[in-house]
Amino acid sequence: MKIRIFLVLIAVIMLYQNSFSQTFQYNNPIANKRADPWVTKTDDGTYYLIATVPEYDRIVIRKANSINGLKNAEEKEVWHKHETGVMGHHIWAPELHRIDGKWYIYFAAGEAEDIWKIRMWALSNSSNDPTEGEWKEEGQIKTKRESFSLDATTFEHKGKRYLIWAQNVREGDNTALVLSEMKDPTTLTGPEIVITEPQFAWERVKYHVNEGPAVIKRNGKIFVSYSASATNHNYCMGLLWIDEDADLLEASSWNKSPGPVFFTNEEVKRYGPGHNSFTTAEDGETVIMIYHARDYKEIRGHELSDPNRATRARVVRWTANGFPDFMQTIGD
């Protein structure tokens, strides 16, 4: 009798494991030639994917009822770069956020006549569906420092809204991550606090870069993943964290991983992973990381001219002490 009960328990466990495995298998890549991916899931279970296109000239959105469904979903262009002036070149890293019943897209753009004068911009849309309705240009997100800035992401905590973005904060070719409270979805109130700069060797390969922040709150902490170094096979992810009850605008309260948490793994043909976002699986609970990577190492020409960063999805596990485990040794 005991043996029979034991065998039944084993069968139930195996059935659960197989069901779990099947539920969270993703048909990677989710989108070819789509970098800096951001996936938003609405309360009704609709997934929206927005990402950088290799032509750097437009903003497109896909929608589906599942993460796998994004792969073959129709893609709609919702905004195109200006022919002259601001927002005229290098349309990068759009993010889609639903704030107080309104959609916002944050993105980076250079000027048509000065392509590296990159700043942060915003669009808004009152439609229930961000692929419908009209997108209004809200203008530049102004920062105290007038310098190269990009990769804005926003989150709410304890009734306050914050923005984190990447910006050149000192002389030289570098970007740090900066945090500020917001007055509204397009206005910063300050102070603007630098929460990380590229200090380790793995953050300073070719370029000194901290960029692409993404926020996840879990287990009494706020975690911020970010990307570092050049966007070739050296691209990788680091991790910041802070206690949820700490003062977010106190730089010394932020902690930083001394090594990368997700990086190139040639055994699984994952090269230069990074610029991720977080969403939840169809069960509404399991955390899914959406990120880009290439499946080859050698790049001809400049890495920004190579179009083959592809959007991918993978489950995030959690360690016994409550930290995200990106499972570096495991393929998608």
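The values are calculated or read from the model by the stated rules, or taken from the named source; none is laboratory data. Values in this document were obtained by computation on a predicted structure and should not be read as measured data. Every residue, glycine among them, receives a Cβ derived from its backbone with ideal geometry; neighbour counts consider all protein chains shown. Ligands, DNA and RNA are excluded from the accessible area calculation, which covers all protein heavy atoms including side chains. Shrake-Rupley method; radii C 1.70, N 1.55, O 1.52, S 1.80 Å.
Between Glu197, Glu203, Glu171, Glu211, which is over 17 Å from Leu248 (Cβ atoms) and either among the aromatic types (Phe, Trp, Tyr) or in contact with a helix residue (DSSP H, G or I) (Cβ under 9 Å, 6 or more places away or on another chain) (or both)?
Glu197
Checking each residue in the range 25-44 for being open to solvent by less than 20 Å² (accessible area, probe 1.4 Å) and in a loop (DSSP other than H, G, I, E, B) picks out only Ile30.
When Trp135, Trp92 are checked against the criterion of being closer than 26 Å to Asn28 by Cβ and open to solvent by 20 Å² or more (accessible area, probe 1.4 Å), Trp92 stands alone in meeting it. Only a single item in (1) surrounded by fewer than 17 Cβ atoms within 10 Å (Cβ to Cβ); (2) touching a residue at least 60 places away in the same chain (Cβ under 8 Å); (3) over 26 Å from Thr280 (Cβ atoms) is not met by Thr186, and it is number (1).
Can you pull out the strands (runs of 3 or more DSSP E) entirely within the range 260-330 that have at least 1 residues that are more than 15 Å from Gly238 (Cα to Cα), of a type in the set (Ser, Thr, Tyr) and modelled with pLDDT of 95 or more?
Numbers: elements: 271-280, 287-294, 310-315.
Where strands (runs of 3 or more DSSP E) fall fully within the range 260-330 and carry at least 1 residues being more than 15 Å from Gly238 (Cα to Cα), of a type in the set (Ser, Thr, Tyr) and modelled with pLDDT of 95 or more, they are 271-280, 310-315.
Cβ-Cβ distances below 7 Å connect the following pairs, each with a first residue in the range 234-248 that is among the acidic types (Asp, Glu), a second residue that is part of a loop (DSSP other than H, G, I, E, B), and a separation of six or more residues or different chains: Asp243/Gly220; Glu244/Gly220.
Select from the range 294-328 the residues that are in contact (Cβ under 8 Å) with a residue 24 or more places away in the chain, within 16 Å of Arg34 (Cα to Cα) and small (Gly, Ala, Ser) and write down the one among them that is surrounded by the fewest Cβ atoms within 10 Å (Cβ to Cβ). Applying the filter and picking the extreme gives Ala310.
Residues being surrounded by fewer than 22 Cβ atoms within 10 Å (Cβ to Cβ), assigned to a loop (DSSP other than H, G, I, E, B) and among the hydroxyl-bearing types (Ser, Thr, Tyr) are represented in the range 147-159 by at least one member.
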